[in-house]
Amino acid sequence: MTEALLEVDRLRVEFGDEVAAVRGASLTVARGEVHCLVGESGCGKSVLALAVMNLLARRGRRAAERLRFAGRDLLALPDRAMARLRGDRLAMIFQEPTTSLNPAYTVGSQMIEVLRRHRGAPRAVARDRAVELLGRVGITAPGMRLGQFPHQLSGGLRQRVMIAMALMCEPDLLIADEPTTALDVTVQAQILRLLAGLQRDLGLGILLITHDLGLVARVAHRVSVMYAGEIVESAPTAALFAAPRHPYTRGLLACVPVPGKVRRDQPLGAIPGVVPRLMPGFQGCAFRARCGHAAPECASAVPRRPAGATHDYLCRLPADWVRLEPAA
Amino acid sequence: MIRRAYGLDQPVIVQFGNWVAKAAVGDFGESYFFKQRVSELIGARLPITLTLGLVGLAIAAVVSIPLGVLAAVRESTAIDRAVQVVALIGQAMPSFWLGLILMIVFGIKLAWLPVSGTGTWQHYVMPGIVLAFSAIPALTRLTRSGMIQALASDYIRTARAKGLSSGSILIKHALRNAAIPVVAIATVQLGFMLGGSIVIETVFALHGVGFLAWESIGKNDFPVVQAVVLVLALIYVGLTLLADMINAVLDPRLRSA
Amino acid sequence: MSAVAEPARLAHRRRLPGGIGRWVGTGLGGVIVGAAVLVALLAPWIVPHDPFAQDLPKRLLPPFWMDGYDGIHVFGTDQLGRDYLSRLIYGARISMLIGVSTVVTSGLIGITLGVVGGYAGGRVDDAVLFAITTRLSIPVVLVALAVVGLFGSSLSLLALTLGLLLWDRFAVVARSTTMQVRQLDYVAAAWCAGCSRVHILLREVLPNIASHLAVVATLEMALAILLEAALSFLGLGVPPPLPSWGLMIAEAKGYMFFTPWVIMIPGVALFVLVFGINLLGDGLRDLLGARADP
């Protein structure tokens, strides 16, 4: 699990000269790992994913010290070669399964074109593969579903179709951008279980983008917490939940009720304020306006501190500050 | 005697009632001038007008769909603005005047095409171009806005995430969806074009129903004029129904609903 | 790394809608329309010659940019020796008159139908929709020609006919925008406050759909001017010797192969005026955020 599949180092994404959506975010997804990217809406999670896929809107500009996938430099890759990689080695599914499938074509034709594009497979072969995958993602009567149009399927089925479509070429990495947010709670659980199963069985690396920490705890090997375009803390799941270092991570965790740990009469935590929209050139810690530990030095550059071999965070506070601070 | 023969001695409302009753079974009476059944006259001229309409629509589609796609792909750039200016120019061009200019340039100066008349396919080229001008602005704008909407949609993001080629994304995925309203409007537009072809047929002396109607108005041959109005109105109604059917074929969501 | 520009400049730069080009276009449209209005209003005082005075020995004199310009008739003379510039100026008067009167008549009909249908809904709306559909099935040019053919050509008949025929877009847009406005809170509030229907329609609904209707008005004005020219060209519009631009082109048609400028001058004038009105409408659409499509 140590081979790096996706390496993102100090990625920056700007839209025009008005918004800096991602400000030097770094993360590494190992082969076969489920890496969760967590954060509030608007913190830049989706933009980071789209930047990796080179799917940014026309005004979006990306730059990074390093952006490598399976040893290939994505920044140096021409658009055509990148398109060849997408859908083949690197797949992505989205939040809205309802609008993410083309209403004009059947499920089958949309799945088949992936294999035909990347493998040049004959129609019949591609069709067999599509049937197989629809079965694999738990769709009954896959042969019949192939001939159906997206509007004839439920939301959960559509997301399964999206997943199956993403798997057509057996990718190494699947980026799932809030794949369950738009779905019913029961369906959410099914889709998650499906993703976890696929990761186990196929050795698939998954970058799962979510704002749902409960979900993270269940499936992730590693978690990166994103705030205002930066990764403020990154750690193995157990370490993060056991000993979060960044005040923002702690705030996030305080928002999640844990059965047995939270007393009935104790109010749930909440982080006051919202994620700020930052201009290019912003200095210092972006969380300082909402942070209970803010100090004058937070306005200047903040160090990235280690809290163990595979755990680091972005804050002026020392790694042992949690112990020094009396529990709330 | 003539007044009686044509029933002109009766009140207008009775005349009109008689005409409607007969027209319902395809009997439009007899032309005062041509001394011929109106239905035969129109039947002989209608194919020419329909050909002109289809040629015009085909030229309009060939010009405006690529222009609209181009403008959408290059949204808010100089190219987009240029396409919109072209649409505005098309909208402001008086068709009869454009017809005369084409006649001078291609008919006389270059002598590539016949100036007027009916007969060969060359006779349809200039009138077709002029007629196309009336549909190009609307079709271009519609293609553009449909494509802009389609290109911003989630399924285009999916298509890109699947690594499809830009041609496949643009044509197969975006244009296919953008085309649904365009085809519907184009069908209805054909109805307007047939109605507007009277000016162009007259300019180019192309002997379709429009030219027939113009001649007949000048000769007070009202059975013919009434019949042409009715036929064009019916064609328009037929085309709107056709547009609905084409929509149902193109949009699977309407098919099963 | 070089892809990201200098991380500076925090100031917001508010972009103009559609950029500079759009403002130039709208301004140009405004100038053209304004000039046409002025020329139309002041025609009797600014014409260099009598537009109806024939001077047969001075037929088809060329305009100032061609050889043989006589230094008197700036745009030359027509086949009857009438001063072309003077006729062009009076032609602007006819075009503007037709355009304005058509918009007024068709606007009254269309807006009334559309607002009533859109506000009342139900059967009333069905009737309005049926009227719109029926109107759309009528071939405008043909019916206008037939009416003029039947009753004889005159300027006022032509204006009335076009007004009675071109109300469809007003009705469609007024109807759909009224339906949207009807659902807004303040309209409901006015209704709850016991305001009369007429009061709500005139004071609450109409001002809110006015911007959309203004755009439609420009489109219809342009269309009416083009149609008048086409009908006059076909000989069933404005009667001679009135100098309608369409009629000028029709009368000059026989000479166009030898002296093309005789059809170029009125044609360009017609094109520029209609283009200007459309530019203005396009600009209005963007500035007011209105739409003119159903």
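The values are calculated or read from the model by the stated rules, or taken from the named source; none is laboratory data. Here the structure is a predicted model, which is why all the values come from computation and not from measurement. Because the Cβ atoms are built from the backbone with ideal geometry, glycine has one as well, and the counts that use them run over all protein chains shown. For the accessible areas, the whole protein counts, side chains as well, though only heavy atoms, and no ligand, DNA or RNA atoms are used. Shrake-Rupley method; radii C 1.70, N 1.55, O 1.52, S 1.80 Å.
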C-alpha long axis of helix A:185-202 to longest principal axis of chain A, angle in °: 80
I need the calculated FRET efficiency for the pair B:S168 and A:V185, taking r as the beta carbon distance and R₀ as 51 Å, to the nearest 0.05. 0.90
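Checking understanding here: applying a Kyte-Doolittle mean of at least 1.6 and a length along the axis of at least 18 Å (C-alpha), which whole DSSP H helices in chain C pass? Could the numbers behind the result be given before it?
Working: long enough: C:19-46 (40 Å, 1.62); C:84-120 (52 Å, 1.27); C:122-137 (23 Å, 0.52); C:168-182 (21 Å, -0.12); C:206-233 (39 Å, 1.56); C:261-288 (40 Å, 1.68).
Flagged H segments are C:19-46, C:261-288.
Quick one: dipole size for chain B, taken about the Cα centre, charges +1 on Lys/Arg Cβ and -1 on Asp/Glu Cβ, in debye to the nearest 20. Walk me through the numbers on the way to the answer.
Numbers: 19 positive and 12 negative charges, 135 e Å.
It works out to roughly 640 debye.
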Counting DSSP beta bridges with both partners in the protein assembly as shown, what percentage is antiparallel, nearest 5? 65
May I ask you to rank B:W19, C:W65 by accessible area, largest first, using a 1.4 Å probe over the protein chains only? C:W65, B:W19
Tally Lys and Arg at +1 and Asp and Glu at -1 over the other residues with C-beta under 9 Å from the C-beta of A:L101: what net charge comes out? 0
Percent of C-alpha pairs per 5 Å bin, the range C:5-292, short to long: 1, 6, 10, 13, 14, 13, 12, 9, 7, 5, 4, 3, 2, 1, 0, 0
Strictly greater than 25 Å: what percent of every Cα pair in chain A meets that? 53
Plugging the Cβ-Cβ distance of C:V24 and C:S196 into 1/(1 + (r/R0)^6) at R0 = 41 Å yields, to the nearest 0.05, a FRET efficiency of 0.35
Helical contribution to [θ] at 222 nm, DSSP H n ≥ 4, -39,500 (n - 2.57), averaged over chain A, rounded to 500: -9000 deg cm²/dmol
With axes computed from alpha carbons, what is the tilt in degrees of helix A:123-136 against the longest principal axis of chain A, rounded to the nearest 10 within 0 to 90? 50
Could you work out the relative contact order of the range C:188-251? I mean the mean sequence separation of Cα pairs under 8 Å and 6+ apart, divided by the number of residues, in percent. 19
Which shape class applies to the range A:99-169: rounded if a/c is under 1.5, otherwise prolate when a/b exceeds b/c and oblate if not, where a ≥ b ≥ c are the square roots of the Cα gyration tensor eigenvalues? prolate
Per residue, what volume in Å³ does the Cα convex hull of the range A:63-108 take up? 125
Compactness ratio of chain B: Cα Rg over 2.2 N^0.38 Å, N = residue count? 1.23
For A:S41, B:S197, C:S176, C:S153, give me the order by solvent-accessible area with a 1.4 Å probe, most accessible first, ignoring ligands, DNA and RNA. A:S41, C:S153, C:S176, B:S197
Provide Rg and Dmax in Å for the protein assembly as shown, with only Cα atoms included in the calculation. 34.7, 119
What is the interface area between chains B and C, defined as buried accessible area summed over both chains with a 1.4 Å probe, reported in Å² to the nearest 100? 3100
Probe radius 1.4 Å, ligands and nucleic acids left out: can you give me the accessible area buried at the A-B interface, summed over both chains, in Å² to the nearest hundred? 2300
Counting only heavy atoms of the protein chains, get the accessible area per residue of the protein assembly as shown (1.4 Å probe) and round it to a whole Å² value. 44
What is the sum of charges, Lys and Arg at +1 and Asp and Glu at -1, for the other residues whose Cβ falls under 15 Å from the Cβ of C:L206? +3
Threshold 50 Å², probe 1.4 Å: give the residues of the range A:83-131, in number order, that are less accessible with all protein chains present than with their chain alone. A:F94, A:N102, A:P103, A:A104, A:Y105, A:E113, A:R117
Please work out how much accessible surface C:Y90 shows to a 1.4 Å probe, ignoring ligands, DNA and RNA, in Å² rounded to 10. 50
Among the aspartates and glutamates, select those whose C-alpha is under 17 Å from the C-alpha of B:K219, and discard any that sit fewer than 8 residues away in the same chain. B:E30
For A:H293, tell me the accessible area in Å² from a 1.4 Å probe, rounded to the nearest 10. 50
Relative contact order, percent, chain C [alpha-carbon distance under 8 Å, six or more residues apart]: 23
Answer with one residue from C:P44, B:Q226, C:G283: the one whose Cα lies farthest towards the positive end of the charge dipole of the protein assembly as shown, charges on Cβ with Lys, Arg +1 and Asp, Glu -1. C:G283
Over the Cα atoms of the range A:16-169, what radius of gyration and what Dmax do you get, in Å? 17.1, 51
For the full complex of protein chains and a 1.4 angstrom probe, list A:C285, A:C43 by accessible area with the highest value first. A:C285, A:C43
Helix B:122-151: angle to the longest alpha-carbon principal axis of chain B, degrees 0 to 90, nearest 10? 40
Roughly how many debye, to the nearest 20, is the charge dipole of chain A about its Cα centre, given +1 on each Lys and Arg Cβ, -1 on each Asp and Glu Cβ, and no other charges? 360
Using a 1.4 Å probe on the protein heavy atoms only, what accessible surface does A:M92 show? Give it in Å² to the nearest 10. 10
Give me the net charge for the shell around A:D201: Cβ to Cβ below 14 angstrom, other residues only, Lys and Arg +1, Asp and Glu -1. +1
Please compute the Cα-Cα pair-distance distribution of the range C:202-252 with 10 Å bins starting at 0, giving whole percents from short to long. 26, 31, 19, 17, 7, 0
